[in-house]
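The structure appears below as C-alpha cells.
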Amino acid sequence: MSDIPAGLRYTTEHEYLRESDEPNVYYVGITDYAQGELGDVVYVELPEPGDSFAPMETFGTIEAVKAVSDLYCPLAGEIVGVNEALDDGPELVNTDPYGEGWMIRLRPDDPEEVDRLMDGAGYGTHIGE
Amino acid sequence: MPTSINHSPDFVARHLGPTPDDVTEMLQVVGCESIDQLMGETVPDPIRFQGPLRIPAGVPEAELLAQVREIASANQVWRSYLGMGYSGTITPGVIQRNILENPGWYTQYTPYQAEIAQGRLEALLNFQTAIIDLTGMEIANASLLDEGTAAAEAMSMLFGRGRKRRGHVFLVAEDCHPQTIGVVRTRAEPLGIEVRVGPSRDFAFDETVFGGLVQYPATDGGVHDYRDLCRAAHAAGSHVAVAADLLALVVLTSPGEFGADVAVGNTQRFGVPMGYGGPHAAYISCREEFKRQLPGRIIGVAVDVHGEPALRMALQTREQHIRRERATSNICTAQVLLAVMAGMYAVYHGPAGLARIAGRIRKQTATLARGLEAAGHEIVHQVFFDTLRVRPAQGAEAVLGAAKAARINLRDFGDGTVGVALDETVTPDDLDDLLAVFGAGGSSTGLADSFEPASYPAHIVRCSPFLTHPVFNSYHSETEMLRYIHRLESRDLSLNTSMIALGSCTMKLNATTQMTPVTWPEFGGLHPFAPVEQARGYARIMADLEGWLAEITGLPAVSLQPNSGAQGEYTGLLVIRARQHALGQRHRDICLIPSSAHGTNPASAVLAGMKVVVVSCDKRGNVDVADLEAKATRYADRLAAVMVTYPSTHGVFEEEIRNICDIVHRNGGYVYLDGANLNAQVGLCRPGDYGADVIHINLHKTFAIPHGGGGPGMGPICTTAELAPYLPGHPVVPVGGKAAIGAVAAAPWGSASILLISWAYIALLGRDGVTEATRTAILNANYMAMRLEDHFDILYWWGSGSGRVAHEFIVDLRPLKKATGITEEDVAKRLMDYGFHAPTMAFPVPGTIMIEPTESESRAELDRFCQALISIRAEIEQVELGLQDRVDNVLKNAPHTARVVTADDWDHGYTRAQAAFPAPWLREHKFWPHVGRVNNAWGDRNLICACPPIESYQTPETARR
C-alpha cells in the first residue's frame, strides 16, 4: 500500500497538489505510488519560474531507472518556483515525494478548480488501493 | 545414386540449427505433421506469398568467395586525396584480426546486460575518454552514425535546448563538408529550423539564431580561429557546434579550449577502413551543461552491489523508453564495433604515437606545399594541417588530367582550385607522384630534409595534454595489446559462447564467409566520393542487393542510404511527406502509431515533422482496428501515414493487416511498415502484396550483418513505384529519385562495405534457403514456446485456439513477481550464472521477457536454454514455498562472480555450487560474469563517462562526497 495523505488533491496522472504557506500557491509533485512504479529517479527536468501551462500540459519530464515519464500540470496556472534541490538530489522524489521531493510551486489561474481534482480517497480508488 | 562431382549448396545446412531429424522431432513436440502445416497455422492465409522468390539459387561457400574475388577486381583502388572527412588509414593488424574479424567482438548486441559486457563497455569508455581529451569537452557519447548525422544531432540538441526562448535559425559555415551541410538541411526543414549557409566570418548571432556550425579544419584545409565567433555567439545567448577532425586535434587547439559548446566528427581515420562510405563511428561531445540533451548511448562508470567499479550504459531509459512524442532525436544505436576499433587505435598508439602520426602528416603536407609553391602554384590557405587547396598556375584541368592518368583522385572545387588531403598512409614516393602531377619536379625527401614547418600561431597550436590515462600509455607492444584485447573480449558474452535470444533483435549466425570480403582492400580501401567508375564491383553488389530486397518485400524501389533502422524509419516518413506535398497535401501531418510500437517510431515521426496520434491495442497486442478506423476517419483530412510493425512487436501475425492498410489508404494516408520483424516473413508473405507503401529493413537483423556489440546497422528502405521519385539524394554523388529528398546520411550508400554481408547471405542461401530460414525461425520459436508452456505463462498465442507464435514469443513473469517478489531482472541476471544472455526484458510488455531464437540455433542449444529457464523456475518455486529467503536467494544475488563464490566468507542459504554451477554443462564451460549486479541508479545520478583515475576506484559512499 502506498502513502496517500489526506488533505491533498490528486490527478489521474499521479501528480498531487499540496497547499503552501502562500495563499493560492501549491506544491506539485508526484505521488508515492508513482515514484514506486517509476523506481529510482535519476533526473527531473523542470520548467522555469514564470512559465504558464494549460491543464494537463506537460511541464517537465522525470527520468527513472525503469522509465522516462512526462509530468503533467494539474491545472492551468503559472510556475512561481521550482525545486532546485532535485538537480543534485533527484532521489528526494523517492524518499520524500510529498515533502522535499516537490517539483514546482504553481499558482492556479482559477483557485476554484483545485477542489475539482480528486481527493485522497478518490485517488486511492483510482489506483486500486 | 552415383556420387555427384558438383559442390552441393550445403550452406543452408550450415546456416540452420536443427537437422532434418531434429525438425521431425520438434514438429512432434509442436503437434504438427509437417512444417507446411505449422506455417499454415501461423501465417494468415490471405497474405501468404505463393510464388517462388525470383532470386538465384544458393551457391556453395567456396564458389561464392570466387565470385566475390571477381567482383572485387572490378573495383579500382586509386590513391585518393579527396579528404572531406574520409582519410586513408592503417588498421593495425592486431586490431583488424582480433576485433574487426573476431566474433568475440562483433556478434554481441547492445550492452543491455552490463555484467556480461564489461569488456566492450571498457573499450567504449576508452573511446569516450579519447574523444573528451582530444576535443577538450567534458562529456562524450559512445558514438553516432556518421559525421553528417552527428552535426544534425548537434543542431537538434541546441535547438531543443533553446526552443522556448530562442529563434529558429541555424548558421552553417559554407566551408563545412558538403555532405554535412546536406544532411543538416534535410534534418532542419521538417523541424521548422531555417539553415543559413555562408562564410563563418559573417556569422551574425542575433535573437533569431539559436546556434552555428563550423568545420575545423575547414573542408578546404584552412585552419581558422573561432574564438571570437564563439564569444559572439555566447554573448548573444547562442551556441556553437564544431565539426572537427580528430587527428588534427592532436596538434591544434581543441574546440573546448576555444569556446565551442559541442564537437562532432568522424573517427574513421583512427584505424577504420573507408569502406566506400562506412561503417565508421562518428563522435559527439559537449560541455557538462548539455549532458541531458546529449543524444545516443553514453557509457558510464557505476558500482556493483559489492561496491566494486562496474560500467554500464548510462541513462539507459532514454533509449529503451525513448521519449516518444517529445523526442528531439530518434537515435537508438551507435557504431560500437567501429568506436571500439578507434578507441583501440588510440590505446595502441598512445599520445606519443598519435603525435608522431599527426606530425608526419603535417610535415608531408608542408613539404608538398613548399614544392608546389616553388613550382609557381598558389596555396590558398597558409595555415593548414593535412589538406591543401591549390590554385594551379596552369589551371585545374591539366592537373586533374595528369592525376587521372596516374590513377590519383584529387578534389575538384570547380573554381580552378583543387584539393589534396594527405593521411597516414602517404609515403615519400606518393608525395613525389603528387609533385609530378602538378608539374613540380624534385624529390620530396630532399625538400623535407631542408626545412621544418614553423609552429602554429599561439592561438591555434595545441598546448594541453591528452590521453594521459594509463590505458593509453600501457599497451604499445603487440603482445601487450593482444592480451589487453583478449582480456576485454573474455568479459563479454557473445555468440561464440551461447545463444542470445533477444526478442526483436534476430541474433542469427553471422557467417564467416559473409564477413570475409569486408576487409579486402578492394572493398575497404575505396573513398566514398571516388568516381563511380572506380566502384563497378560495388555497383554490381548494390544492384543485386536492391533487386533481391525488392523481390523479398514486394516493393520495387530501394534506397540503401539509411545507416540504421531508426534512420530508415525517418527516411521512409520523409519520403511519404514529400509525396503528400507533391500531391498538394501539405496539411497532412498526422501519423497513427499503435501503442505497442517501439519508441523510435514516434520519435522518427516527430523528426519528420509529423504529429503522433496513438492507436490503442487489444489485450493480445493487436492493433485495435475499430480505434484505428475511428482515428483514421476523424483525421481523414490530415492523415499522412500509419506506422505498423509486422508481425507485431508482440510476435503475432495479425490477421487484420490487410484491412489496416486499406483503412489508412482510404483515408489518404500511406502505410509505413517497420521491418524489425522481417525475419518472420521472408518468402512467406510480402509487405508490398498486403498493402505496405514503405518498409525499412534492418539488414543487421534479417540479413545477417553482425550487431557489432551495438552497431553497425543498416536500415535501407523499399517503396512502391509511386514513392520512388522521392528516395534520398546526395550532394556529392548523384543518387536517389527524380524529386529526391535531401541526404539522410553522410555517404550516398550508407555503410556500403557491410552491404556485402547481406548480399553474401542471400547469395549463399538462395531463394529456397532464405525461405527455409524463415520457416525454421518460426519452428524454433514455437518449439521453445511449447517446451516452456508447462512452466511459464506464454502471452499472446496467435489465433483462436491454434496456439502458434511467430518467430518470437513473450514469457510472462508478472505472476511470479506477485507471488515471490522475483522480477524479470532477477531472472535475467540469474541466466548469466547459467552462461546465457537474457532475452529482451520488459519490451513490449513490462514484467515479461521476449525470446527470439532465430533459425541458426540448434535443437540442443534451444533445449539447453529451455532447461536453464525451467531450472530457474524451480529456484523461484523454492522461494514460493518458503524454502529459500525472499531476499537472500540465488536469483536476487545473481549474477555470482568468481570472486564472490571463492571468497572465504559464505553465508547464504544455498551452496556455492548452486550459485555458480547450477547446470551440468557449466562443468564443461563456465562463463564468469566479471562484476556483480550493477547499481544503475547510482550511475545515473553520478554521471561519469570517462576513464576514472586509478586512485578514484573507491566505494560509492566516499565517491559521492
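The values are calculated or read from the model by the stated rules, or taken from the named source; none is laboratory data. In this text the structure is predicted, and so the values were computed from the model without any measurement. Note that we place each Cβ from the backbone using ideal geometry, even for glycine, and neighbour counts take in every protein chain shown.
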query = Are there any pairs with C-beta distances below 7 angstrom linking a residue in the stretch B:619-643 that is free of Cβ contacts under 8 Å to residues at least 60 places away in the same chain to a residue that is part of a loop (DSSP other than H, G, I, E, B) and among the basic types (Lys, Arg), with the two at least 6 apart or on different chains, and if so which?
reply = B:638/B:588; B:639/B:588
query = When you scan the stretch A:1-42, how many residues do you find that are modelled with pLDDT under 90 and among the hydroxyl-bearing types (Ser, Thr, Tyr)?
reply = 2
query = Do we have residue A:52 as more than 24 Å from residue B:937 (Cα to Cα) and within 14 Å of chain B (Cβ to nearest Cβ) here?
reply = yes
task = Would you check if there is a residue in the stretch B:444-453 being among the acidic types (Asp, Glu), in a helix (DSSP H, G or I) and either on the phi > 0 side of the Ramachandran plot or modelled with pLDDT under 95 (or both)?
result = yes
task = Among the helices (runs of 4 or more DSSP H) lying completely within the stretch B:471-533, list those that include at least 2 residues that are among the β-branched types (Val, Ile, Thr), out of contact with any strand residue (DSSP E or B) (no Cβ under 7 Å at 6 or more places or on another chain) and crowded, with 20+ Cβ neighbours inside 10 Å.
result = none
ask   = So which residues in the stretch B:877-909 are over 42 Å from the mean Cα position of the chain (by Cα) and surrounded by 21 or more Cβ atoms within 10 Å (Cβ to Cβ), if there are any at all?
value = B:884
inquiry  = Give me the residue from the stretch A:93-129 that is in contact with a strand residue (DSSP E or B) (Cβ under 7 Å, 6 or more places away or on another chain) and of a type in the set (D, E, K, R) and, out of that set, farthest from residue A:53 (Cα to Cα).
reply    = A:119
ask   = Restricting attention to the stretch A:9-23, and to residues there that are of a type in the set (S, T, N, Q) and out of contact with any Pro (no Cβ under 6 Å at 6 or more places or on another chain), which single residue is farthest from the other protein chains (Cβ to nearest Cβ)?
value = A:20
key: Subset of the stretch B:919-954 that is closer than 29 Å to residue B:836 by Cα and polar (S, T, N, Q) - its residue that is modelled with the highest pLDDT   = B:935
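Restricting attention to the stretch A:55-64, which residues are at the interface with another protein chain (Cβ under 8 Å from one of its Cβ atoms), among the β-branched types (Val, Ile, Thr) and either closer than 22 Å to residue A:112 by Cα or touching a residue at least 24 places away in the same chain (Cβ under 8 Å) (or both)?
Within the stretch A:55-64, A:58 is the sole residue that qualifies.
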Residue that is modelled with the highest pLDDT, among those in the stretch A:65-79 that are within 14 Å of another protein chain (Cβ to nearest Cβ) and touching a strand residue (DSSP E or B) at 6+ places or on another chain (Cβ under 8 Å) = A:79
ask   = Among all residue pairs at least 6 apart or on different chains, which show Cβ distances below 6 Å where the first residue, located in the stretch B:929-941, is within 14 Å of chain A (Cβ to nearest Cβ) and the second is part of a loop (DSSP other than H, G, I, E, B) and surrounded by fewer than 22 Cβ atoms within 10 Å (Cβ to Cβ)?
value = B:933/B:305; B:936/A:65; B:937/A:40; B:937/A:65
Strands (runs of 3 or more DSSP E) within the stretch B:240-322 that include 1 or more residues β-branched (Val, Ile, Thr) and within 14 Å of chain A (Cβ to nearest Cβ) = B:298-303
Members of the stretch B:25-67 found to be out of contact with any Cys (no Cβ under 9 Å at 6 or more places or on another chain) and of a type in the set (D, E, K, R), listed by number = B:25, B:33, B:36, B:45, B:54, B:61, B:63
ask   = Restricting attention to the stretch A:24-47, and to residues there that are facing chain B (nearest Cβ under 8 Å) and assigned to a loop (DSSP other than H, G, I, E, B), which single residue is surrounded by the most Cβ atoms within 10 Å (Cβ to Cβ)?
value = A:40
request  = Would you confirm whether any residue within the stretch B:193-213 is assigned to a helix (DSSP H, G or I) and touching a helix residue (DSSP H, G or I) at 6+ places or on another chain (Cβ under 9 Å)?
outcome  = yes
ask   = If you take the residues of the stretch B:662-700 that are touching a Ser or Thr at 6+ places or on another chain (Cβ under 9 Å), among the β-branched types (Val, Ile, Thr) and under 15 Å from residue B:719 (Cβ atoms), which of them is surrounded by the fewest Cβ atoms within 10 Å (Cβ to Cβ)?
value = B:695
query = Is there a residue being surrounded by 11 or more Cβ atoms within 10 Å (Cβ to Cβ) and at positive phi anywhere in the stretch B:14-31?
reply = yes
key: Top-ranked residue in the stretch A:80-93 [being away from every other protein chain (no Cβ under 12 Å) and of a type outside the set (S, T, N, Q); ranked as nearest to residue A:110 (Cα to Cα)]   = A:80
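For (1) under 19 Å from the mean Cα position of the chain (by Cα); (2) within 14 Å of chain A (Cβ to nearest Cβ); (3) closer than 28 Å to residue B:565 by Cα, each residue gets a yes or a no:
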position: B:120; (1), (2), (3): yes, no, yes
position: B:126; (1), (2), (3): yes, no, yes
position: B:133; (1), (2), (3): no, no, no
position: B:180; (1), (2), (3): yes, no, yes
position: B:188; (1), (2), (3): no, no, yes
position: B:195; (1), (2), (3): no, no, yes
position: B:204; (1), (2), (3): no, no, no
query = Are any of the residues in the stretch B:437-450 surrounded by 15 or more Cβ atoms within 10 Å (Cβ to Cβ), closer than 29 Å to residue B:244 by Cα, within 40 Å of the chain's Cα centre (by Cα) and in contact (Cβ under 8 Å) with a residue 60 or more places away in the chain?
reply = no
query = Within the stretch B:404-419, is there a residue that is farther than 26 Å from residue B:732 by Cα and of a type in the set (S, T, N, Q)?
reply = no
ask   = Within the stretch B:863-883, can one find any residue that is touching a Phe, Trp or Tyr at 6+ places or on another chain (Cβ under 8 Å), in contact (Cβ under 8 Å) with a residue 40 or more places away in the chain, more than 14 Å from residue B:832 (Cβ to Cβ) and not in a loop (DSSP other than H, G, I, E, B)?
value = yes
ask   = Consider residue B:594 against the criteria (1) in contact (Cβ under 8 Å) with a residue 60 or more places away in the chain; (2) over 24 Å from residue B:769 (Cβ atoms): it satisfies all of them except one. Which criterion is unmet?
value = (1)
